[in-house]
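Engineer: Structure below; questions to follow.
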Amino acid sequence: MSDLIFPEESYAIRGAIYDVYREIGCGFLEAVYQECLQRELTLRRIPFEAKKMLRLYYKGELIEKTYQADLLCYKKIIIEIKAVETIAPIHKAQLLNYLKMSKLKLGLLVNFGDCPKVNIVRVANTY
């Protein structure tokens, strides 16, 4: 039995991400990848919200500040898109913090700038 969080949903999202990369490759800005991924998710009938504002909690209480996720799929998986040479530890830390403060369990950190392949990192909120 797998301990992965949302394995079927993650698999479907990853397929869409790989198709976008196969179609356009690397070298574009994040906004281009976001628009293409939104189109691919729509084609695959994967539910998502773009630029979704998420409420954040501190010690169990809502705070005024919000976080704008690049994509929120299935109402439970944050997709954070990057187009950088390599994913830095701060990128993972930021996504983990957003997961903890929004009380969501899974994020996918997607780097389209890591030529010659797309890099997808699963970040799980186990707190």
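Engineer: Please count how many residues of the stretch 5-20 are under 15 Å from Ala124 (Cβ atoms) and free of Cβ contacts under 8 Å to residues at least 24 places away in the same chain.
Structural biologist: Of the residues in that region, 1 qualify.
Engineer: Another one. Only residues that are in a loop (DSSP other than H, G, I, E, B) and either of a type in the set (Ser, Thr, Tyr) or at pLDDT 95 or above (or both): list them for the stretch 16-69, please.
Structural biologist: Gly25, Phe28, Leu29, Arg44, Arg45, Ile46, Pro47
Engineer: Could I ask something else about it? For Gln94, state whether it is surrounded by 13 or more Cβ atoms within 10 Å (Cβ to Cβ), polar (S, T, N, Q) and modelled with pLDDT of 95 or more.
Structural biologist: no
Engineer: Being assigned to a helix (DSSP H, G or I) and either surrounded by fewer than 20 Cβ atoms within 10 Å (Cβ to Cβ) or among the hydroxyl-bearing types (Ser, Thr, Tyr) (or both), is that true of even one residue in the stretch 79-90?
Structural biologist: Looking through the stretch 79-90, at least one residue is assigned to a helix (DSSP H, G or I) and either surrounded by fewer than 20 Cβ atoms within 10 Å (Cβ to Cβ) or among the hydroxyl-bearing types (Ser, Thr, Tyr) (or both).
Engineer: Same structure, new question: Which of the residues belonging to the stretch 1-58 are under 20 Å from Glu85 (Cβ atoms), surrounded by 18 or more Cβ atoms within 10 Å (Cβ to Cβ) and touching a strand residue (DSSP E or B) at 6+ places or on another chain (Cβ under 6 Å)?
Structural biologist: Ile17, Tyr33, Gln34
Engineer: While we're on this one: Restricting attention to the stretch 98-117, which residues are in contact (Cβ under 8 Å) with a residue 60 or more places away in the chain and either on the phi > 0 side of the Ramachandran plot or within 13 Å of the chain's Cα centre (by Cα) (or both)?
Structural biologist: Lys105, Leu106, Leu108, Val110, Phe112
The values are calculated or read from the model by the stated rules, or taken from the named source; none is laboratory data. Nothing here was measured: the structure is a model prediction, and the numbers come from that model. Cβ: placed from backbone, ideal geometry, glycine included. Neighbour counts: every protein chain shown.
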